[in-house]
Amino acid sequence: MRAAWYEKQGPASEVLVVGEMSTPSAGPGEIRIRVAVSGVNPGDVKKRQDAFGVPMPYPRVIPHSDGAGEVDQIGDGVSSDWLGRRVWCYGAQSYRPFGTAAEWTVVPVELVVPLPENVAMEQGACVGIPGTTGHRAVHVAGSVAGQVVLVQGGAGAVGLCAVQLAHRAGAFVIATIRSMGDESTARRAGADEVFVSGDRLVDRVRTVAADGVDHIVEVAFGANIATDIELLRQGGSIAAYATDVAVPQIPFWLLVFKNIRVFFLGSDDFSPEAKVAAARDLNEALQAGWAGFEIAQRIPLGDIAKAHQLAEHPRGRGRVVVTLK
């Protein structure tokens, strides 16, 4: 089968290889998927770049954790009901060397989710990491029903999922965006109010949430922590899944005085129960008509280096996917 891989970390054009390798077989408790579309996430790019200072965990890595396709083989202990089903998967390359940038991938059955018939393969290939991260970011502090939730970066991949999931969970959702060109994206996801990040954000948010917000989904912890504290009510919470600086300053006493809870979220290590709940709620949202992600670029497997470069340096809104068919 054709696959993409790297055997050392570095720039996409220098380390990513496309070639032939043996087609894997499903082992006990596993499912083999004929991949139609493979999603490219920032984490996939960072692992290949060695952005986190973590060396190669395996001699060869087939990248990408998210993908969608059709089940064509099952291992021992897996129900035959899976055969022939359209599915999406997540975590394929989390603590494992074999991701979805290949014509076939094999993953544990617990990482495979039926793809609703009304949902395109491209959407299934995009939803895994951002969807589970967005879900955990919304729900980690408890129920948000009837609460005011602020999603910083509400037009990004995780932010978009967080907006939709908070909306479906009964929250009043405020989203921040980089420019007004992203307003329609955030509103389509379910945002009740949308503001451009920057000056006077606190004043603008308080025009619609006079008493402050209950919970914040945070994409740039270092840059936004001071604003977040100012906006949060007593006993509020922050769920941070990314930061603009690796070692941010934390205003400890301001957090203490408001009894603010801060959760740091890494999607690879969410509990199995959290992942199952996320998959369920994401599928329900898609089945109910949520449009999901705008697809900006569809890149064939042979040009995977270009896909990584576009993910590193986006030219506009939307996701980058790698196509296998």
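Observations
- Sequence-separation-based contact order of the chain, relative, with Cα cut under 8 Å and 6+ spacing, percent: 18 percent
- For region 178-325, size of Cβ-based charge dipole, Lys and Arg +1, Asp and Glu -1, in debye: 400 debye
- Burial ordering of His135, His167, fewest other beta-carbon atoms within 10 Å first: His167, His135
- Within the chain, helix-based [θ] at 222 nm, where runs of 4 or more DSSP H residues each add -39,500 (n - 2.57), nearest 500: -8500 deg cm²/dmol
- Of the residues His313, His215, the one with the fewest other Cβ atoms within 10 Å heads the list, and the complete ranking is His313, His215.
- Rounded FRET efficiency, nearest 0.05, which uses the C-beta distance separating Gln287 from Asp244 and R0 of 35 Å: 0.50
- Among Val71, Val138, Val276: highest mean-square fluctuation, GNM of the chain, C-alpha pairs under 10 Å: Val276
- Cross-link pairs exceeding 22 Å in C-alpha to C-alpha distance, out of Lys8/Lys275; Lys47/Lys306; Lys8/Lys306; Lys8/Lys47; Lys8/Lys325, comprise Lys8/Lys275; Lys8/Lys325.
- Derived scalar couplings ³J(HN,Hα) [region 281-286; Karplus, 6.51 cos²θ - 1.76 cosθ + 1.60; whole Hz; x for Gly, Pro]: 5, 5, 4, 4, 5, 5
- Dipole moment magnitude, nearest 20 debye, the chain about Cα centre, only Lys, Arg, Asp, Glu C-beta charged: 280 debye
- Computed about the Cα centre, the dipole magnitude for region 69-109 is approximately 160 debye when only Lys and Arg (+1) and Asp and Glu (-1) carry charge, each at its Cβ.
- Cβ-based charge dipole, region 130-268, positive-most Cα from Gly131, Gly154, Ile229: Gly131
Since every read-out is calculated from the coordinates, none of them should be taken as a lab result. Just so we're clear, the structure is a prediction, and the values are computed from it rather than from any experiment. Don't worry about glycine lacking a Cβ; one is built from the backbone with ideal geometry, like all the others, and counts go over all protein chains shown.
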